[in-house]
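Chemist: Sharing a structure here in C-alpha cells format.
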Amino acid sequence: MRLSDTVSSILRTKGNQVWSISPEQSVFEAIEKMAEKEVGALAVIAEERLVGIISERDYARKVILCGKSSRETQVSEIMTASVITVGPDHTIDDCMSLMAGNRIRHLPVLDADCLLGMISIGDLVKWIISGQEHAIEQLEHYIAGRYPA
C-alpha cells in the first residue's frame, strides 16, 4: 500500500459501486440519494455515459447560496460538466495531486467511456493509513525478533 499503487487496487478493495442520477432529475432527488447512500457526490449519467458530477458542494454553492429551489432545479443546471477523471492505472499519488490541484474530492474512474468506479479523498486517506499501519506492524515484528527471515 504505497503512493505508487494504482486506482484499480483501491477499487478491488473498496468495490466499484457508483451511485448515479440523470441530468433531468431534481437537485432535491440528488441530495436525497446522497444522504441515503451516505456519499458526497453522484455521477451524472445520460445515455449510459458520464456527463457530469454533482456534489454537496455544488448544492451549497449553486442552489442554497443562489436562493434556488432544490425541488425545481434540475441536476443539469448545477452539475460540473467538465469532469476530471482518472483511469485504473493512475497512481494514488496522481489522484492526490489532481484532487489537491483542482480542489476536488471525487474522481470518477473511466476506462475508455466505461465508468469503473468513483474514488474519494477519503478512499485515498484510508488507503494510505492502511499502508502506514502495515509498515508499523512489520517494524514492530522486526524489533521484537518475530520478523520472518
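Just so you know, all these numbers are worked out from the coordinates, no wet-lab data involved. Just so we're clear, the structure is a prediction, and the values are computed from it rather than from any experiment. With ideal geometry, Cβ positions are generated from the backbone for all residues, glycine too; neighbour counts draw on all protein chains shown.
Chemist: Considering only the range 105-133, state which residues are β-branched (V, I, T) and more than 14 Å from H90 (Cβ to Cβ).
Modeler: I121, V125, I128, I129
Chemist: Residues to consider are S97, S8; find the one that is free of Cβ contacts under 8 Å to residues at least 12 places away in the same chain, within 16 Å of the chain's Cα centre (by Cα), surrounded by 12 or more Cβ atoms within 10 Å (Cβ to Cβ) and closer than 16 Å to W127 by Cα.
Modeler: Result: S97 is the single residue among S97, S8 that is free of Cβ contacts under 8 Å to residues at least 12 places away in the same chain, within 16 Å of the chain's Cα centre (by Cα), surrounded by 12 or more Cβ atoms within 10 Å (Cβ to Cβ) and closer than 16 Å to W127 by Cα.
Chemist: Looking only at residues that are polar (S, T, N, Q) and part of a strand (DSSP E or B) in the range 11-37, which one is farthest from D123 (Cα to Cα)?
Modeler: S26
Quick grid of which residues meet (1) in contact with an Asp or Glu (Cβ under 7 Å, 6 or more places away or on another chain); (2) surrounded by 11 or more Cβ atoms within 10 Å (Cβ to Cβ); (3) more than 14 Å from L107 (Cα to Cα):
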| position | (1), (2), (3) |
| --- | --- |
| E36 | no, no, yes |
| G40 | yes, yes, no |
| A43 | no, yes, no |
| L50 | no, yes, no |
| I53 | no, yes, no |
| E56 | no, yes, yes |
| Y59 | no, yes, yes |
| V63 | no, yes, yes |
| K68 | no, yes, yes |
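Chemist: Something else now. For the range 46-61, what are the residues that are of a type in the set (D, E) and under 15 Å from V83 (Cα atoms)?
Modeler: D58
Chemist: Mind listing just one residue for me: the one in the range 70-83 that is in contact with a Pro (Cβ under 8 Å, 6 or more places away or on another chain) and either farther than 27 Å from D111 by Cβ or of a type in the set (A, V, I, L, M) (or both) and, of those, surrounded by the fewest Cβ atoms within 10 Å (Cβ to Cβ)?
Modeler: Taking the candidates together, the pick is Q74.
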